[in-house]
Amino acid sequence: MSKNLTSRAEDYSKWYNELVVKADLAENSAVRGCMVIKPYGYAIWEKMQAELDRMFKETGHQNAYFPLFVPKSLFEAEEKNAEGFAKECAVVTHYRLQNDPDNPGKLRVDPEAKLEEELVVRPTSEAIIWHTFKGWIQSYRDLPILINQWANVVRWEMRTRLFLRTAEFLWQEGHTAHATKAEALVEAEQMNDIYAEFAENFMAIPVIKGVKTESERFAGAIDTYCIEALMQDGKALQAGTSHFLGQNFAKAFDVKFTNNEGKLDYVWATSWGVSTRLVGALIMTHSDDKGLVLPPNLAPSQVVIVPIYKTDEQLEVITKKANGIIKELKALGISCKLDARTTHRPGAKFAQHELQGVPLRIAIGQRDLENGTVELARRDTLTKEVIEMSDLVSTVESLLKTIQEELFDKARNYRDNHITEVDDFESFKTVLENKTGFISAHWDGTAETEQKIKELTKATIRCIPMDVKKEAGKCVYTGKPSTNRVIFAKAY
């Protein structure tokens, strides 16, 4: 199975596309630009959902659901937001089909069934949610409102790639309303911190926390906070964003409240989200030429047991032993399954679980039962060892933690070795083309320079790091004064 994968060195993009399909994560659908997420790929997303949902609820957020359709008049109420998404919108104009009189057995849009007002299929939900908030908020006693929504959105894309960029994708979007600017800023930064914590502790992906430049901000935001990750091919990937919206949406939808001094004021807002793009980030950060490498904290099955047998009697005895091991592992919160399929040989099972990135594989044969041992294989290092059956459960528990930590350390080392400081434009271009990765360089703060660098190199400013040091310098392109470095990279 994995032998048919194109190597990363040969064609990274092709390797990625093949791996997504061969590992049974997703496939292209009959709808152009959309994907079918298959059970194994969806199981990874469900693990992500579960952890993020827990983290959101621990910080006081509640889940709700809002309509898929947004009336055009509501969508255009916040002008910058509407303008930013206008070209990506799918629009519903009619509400009925009818039999086509000119083509028997076919349907056509009923020309008499035109909607009085067009409906936008949500590319994001600020408009419909803030229209709703207007009815929920009268007083400071109604605040804060901390809402999260798990949903799908549609943004027409011309060039798509499974998980990374599709016309329809799954995500969560948080929308919060606050009485003060300070509260809203704390919320926006807190959610960016939660995304970073999730990326590093569960996805084993190191990230740079930062703020977007004005031209890279979310449409309608005052500030956009982000986490930026680096993939194995040296390209950046925006893994999550959190937006301080100020009072822009409150003013657009006339959402006012009576504050504790009895005065009317506009509400302060945030929104934040991550999507199924995280599955793509997980694949590209850790996987190798043999297939997926999944961090244990997000693997659908952390351990798989493969019986090695010649007779049905041997299979029965091994299965009984394996079920005992599974029971012990599950008691420790470790997900484990027995692959007792009689339609596949052990070698084919090994290849499939290797391709699908199961962190640990246990092989048990008749001789193992007699010797009181098992063979334990690690997916990340592709190493095997024979261990005592009596040590198996404690060894598995320890190894899963080790694998999680070592995957993060490996990704962090790669990332840190691919952050390069440059001070002139020739070096900038050389690093970008040969070494790749993040480039730390001075920028004069103008949108014109940012755009010119993008036109000349295809590199964008990924973020201004939260922990950036103030230092006098000269813009890498114009030579004009600069007070700090920013992070550039080519990106997905």
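The values are calculated or read from the model by the stated rules, or taken from the named source; none is laboratory data. Please read all numbers here as calculations on a predicted model, not as lab measurements. Every residue, glycine as well, gets a Cβ built from its backbone with ideal geometry; the counts of neighbours run over all protein chains shown. Areas reflect the complete protein model, heavy atoms only, side chains present, ligands, DNA and RNA absent. Shrake-Rupley method; radii C 1.70, N 1.55, O 1.52, S 1.80 Å.
Here are some notes:
- Interchain or long-range residues, amide H under 5 Å from Leu245's placed H: Ile222, Ala269, Thr270, Ser271
- Contour minus Cα-Cα distance for Arg367 and Lys429 (0.36 nm per residue): 16.4 nm
- Crossing angle, helix 447-457 versus the chain [Cα axis fit, 0-90 degrees, rounded to tens]: 40
- To the nearest ten degrees, helix 181-201 and the longest principal axis of the Cα atoms of the chain are 20 degrees apart.
- Given their separation in residues at 0.36 nm each and the Cα-Cα distance between them, Ser7 and Arg141 gain 42.4 nm when the chain is fully extended.
- The chain, accessible area per residue, ligands and nucleic acids excluded (1.4 Å, Å²): 47
- Within the chain: Cβ-based charge dipole about Cα centre, in debye rounded to nearest 20 (Lys, Arg +1; Asp, Glu -1): 720
- Glu58 - accessible surface, heavy atoms, 1.4 Å probe, Å² rounded to 10: 130
- Among the listed pairs Lys47/Lys401; Lys181/Lys263; Lys38/Lys106, those beyond 19 Å (Cα-Cα): Lys38/Lys106
- Hydrodynamic radius by Kirkwood, which averages 1/r over all alpha carbon pairs of the stretch 124-272, in angstrom: 16.5
- Point-charge dipole on Cβ atoms (K/R +1, D/E -1) for the stretch 110-211, about Cα centre, debye to 20: 260
- Highest mean first, the peptides 433-441, 167-175, 265-273 sorted by other C-beta atoms within 10 Å per residue fall in the order 265-273, 167-175, 433-441.
- Bridge type composition, the chain - antiparallel percent by DSSP, nearest 5: 80
- Considering only the Cα atoms of the chain, their convex hull presents on average a projected area of 29.8 nm².
- Close amide-amide hydrogen proximity is noted between Asp288 and Val293, each under 5 Å apart and 5 or more residues distant or on a separate chain (H modeled in the peptide plane; Pro and chain starts excluded).
- In this entry, the stretch 354-476 is assigned a mean projected area of 11.2 nm², taken as a quarter of its C-alpha convex hull surface.
- Treating r as the C-beta distance of Thr483 and Thr381 and R0 as 41 Å, the FRET efficiency rounds to 0.40.
- Computed about the Cα centre, the dipole magnitude for the stretch 18-147 is approximately 260 debye when only Lys and Arg (+1) and Asp and Glu (-1) carry charge, each at its Cβ.
- Mean ellipticity per residue at 222 nm, deg cm²/dmol - from DSSP H runs of n ≥ 4 across the chain, formula -39500 (n - 2.57): -10500 deg cm²/dmol
- Positive dipole terminus of the chain, leading residue within Leu19, Thr343, Ala199 (C-beta point charges): Thr343
- Residues whose amide H falls under 5 Å from that of Cys463, counting only those 5 or more places apart or on a different chain, are Ile487, with hydrogens built in the peptide plane.
- Computed from backbone phi, the HN-Hα couplings of the stretch 405-414 come to 5, 6, 5, 5, 4, 5, 5, 5, 4, 4 Hz, rounded to whole numbers (Karplus: 6.51 cos²θ - 1.76 cosθ + 1.60, θ = phi - 60°; Gly and Pro given as x).
- For Ser394 and Lys458, the FRET efficiency from 1/(1 + (r/R0)^6), where r spans their Cβ atoms and R0 equals 45 Å, is about 0.35.
- Residue (of Phe488, Thr460, Tyr414) at the positive-pole extreme of the stretch 411-492, dipole from beta-carbon charges: Tyr414
- In sequence order, the stretch 205-215 has phi-based couplings of 10, x, 9, 9, 8, x, 10, 6, 6, 4, 6 Hz under the Karplus curve 6.51 cos²θ - 1.76 cosθ + 1.60, θ = phi - 60°, and Gly or Pro positions carry x.
- Furthest towards positive pole of dipole, Ile208, Gln49, Gly234, structure part the chain, Cβ charges: Gly234
- Calculated translational diffusion coefficient of the stretch 8-85 (4 °C, 1.567 mPa s; Stokes-Einstein with Kirkwood radius over alpha-carbon pairs) equals 79 µm²/s.
- Each peptide among 363-371, 190-198, 239-247, 129-137 gets the average number of other Cβ atoms lying within 10 Å of its residues, and from highest to lowest they stand as 239-247, 190-198, 129-137, 363-371.
- Global size of the stretch 338-400: 11.9, 33 Å for Rg and Dmax (C-alpha atoms, Rg to one decimal, Dmax whole).
- Phi-derived couplings, Karplus 6.51 cos²θ - 1.76 cosθ + 1.60 at θ = phi - 60°, listed residue by residue for the stretch 435-444: 8, 6, x, 7, 10, 9, 8, 6, 9, 7 Hz, with x used for Gly and Pro.
- Spherically averaged projected area of the stretch 237-327 from its Cα convex hull (nm²): 12.3
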